[in-house]
Structures are given as C-alpha cells and as structure tokens.
Amino acid sequence: MKKNLLTIMLIILVAITLVGVIAVVVVTKLSEPTSAEDKPSIDEIVESLVEVPEITTNLAGNDYIKISFMVQTENKKAKEELEKRNFQVKNIIITELSEMKAEELTGKKGKEKLQEALKTRVNELMEEGKVEKVYITSSILQ
C-alpha cells in the first residue's frame, strides 16, 4: 500500500514538473520582445535612405505633379545598388504617375497606394536587397 502511494505521488510530482516546465517555455517564447529587436533605430534608417530628388511630370489628364521621395532600403548593399539604379527608379516613378489621375493622389489612400506601387516595382529590380519603405517628402499637385 505504501509502495503504491509513493509511486502515485512520484507520478503526480513528475506530471506537475512537466506542466510547469512547458508553461515556462511557452510564456518565455510568447513574451519575447520581438518588436524592439526587429525595428531598426532611426540612425539605421537614416543610413539606409536614398533620396529621389524632386520630379515634375504629367498625370493622366491635364494635371501635373512635383514630387520627391526618400526610399528606405534594408541594408547598405541595397542602398548602394539603389543609388546606381537612380535613373530606373525615376523612370518607374514617372510611368506610375502617368497612369494616375489627380483625384487618385489627393487623399491619404492615394498616396499610400502610390508608395506601395513604387515599393513593389523597385523591388522587382533589386538584386542586392530590397526596399523597406517609400516616403513622400514633398508633393505639389496642380
């Protein structure tokens, strides 16, 4: 009888220990601060930016736009490649804008749509990395 009681207590103790270890592992994995490690600092962002100077071009219709961008790349090699591909980036911007009407660019959604389209198209060119984000730094629509 004492032997059975000792065996049952040992099994319960091992089971509680296993549940505790599993709980600690799960809580540790779920509470890891991934956002702080994954987000680059502002200094890292500035180091990876490429400026696209002001471009003036016609839109679909009789309107035109003056617009400039800052393009954030994922690393230094991507930045260097993007700087060399500056003429291709300008071409992409001009062709994308030539398909858009002034009404499409007046609101926040229109500008975000343009930024995403440019990011996608430029990433198709990139070989040494990718574009993380496209920022509109100035925009005049007439």
Inspect all residues belonging to region 1-24 and state whether any of them is open to solvent by less than 90 Å² (accessible area, probe 1.4 Å), at pLDDT below 85 and part of a loop (DSSP other than H, G, I, E, B). no
Is at least one residue of region 62-77 closer than 19 Å to Asn123 by Cα, out of contact with any strand residue (DSSP E or B) (no Cβ under 9 Å at 6 or more places or on another chain) and not in a loop (DSSP other than H, G, I, E, B)? yes
Out of the residues in region 119-141 meeting the condition of being over 15 Å from the mean Cα position of the chain (by Cα) and among the hydroxyl-bearing types (Ser, Thr, Tyr), tell me which one is most open to solvent (accessible area, probe 1.4 Å). Thr137
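Over 21 Å from Thr137 (Cβ atoms), open to solvent by 80 Å² or more (accessible area, probe 1.4 Å) and among the acidic types (Asp, Glu): is that true of Glu51 in this structure? Show your work before the answer.
Values: over 21 Å from Thr137 (Cβ atoms): no; open to solvent by 80 Å² or more (accessible area, probe 1.4 Å): yes; among the acidic types (Asp, Glu): yes.
The answer is no for Glu51.
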Looking across region 79-118 at residues that are free of Cβ contacts under 8 Å to residues at least 24 places away in the same chain and charged (D, E, K, R), the single one that is surrounded by the fewest Cβ atoms within 10 Å (Cβ to Cβ) is Lys108
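The values are calculated or read from the model by the stated rules, or taken from the named source; none is laboratory data. All of these numbers come straight from a predicted model, not from anything done at the bench. Cβ coordinates were reconstructed from backbone atoms using ideal geometry, including for glycine residues, and neighbour counts include every protein chain displayed. The protein model used for the area step is the full one, side chains on, heavy atoms only, and it has no ligands, DNA or RNA in it. Shrake-Rupley method; radii C 1.70, N 1.55, O 1.52, S 1.80 Å.
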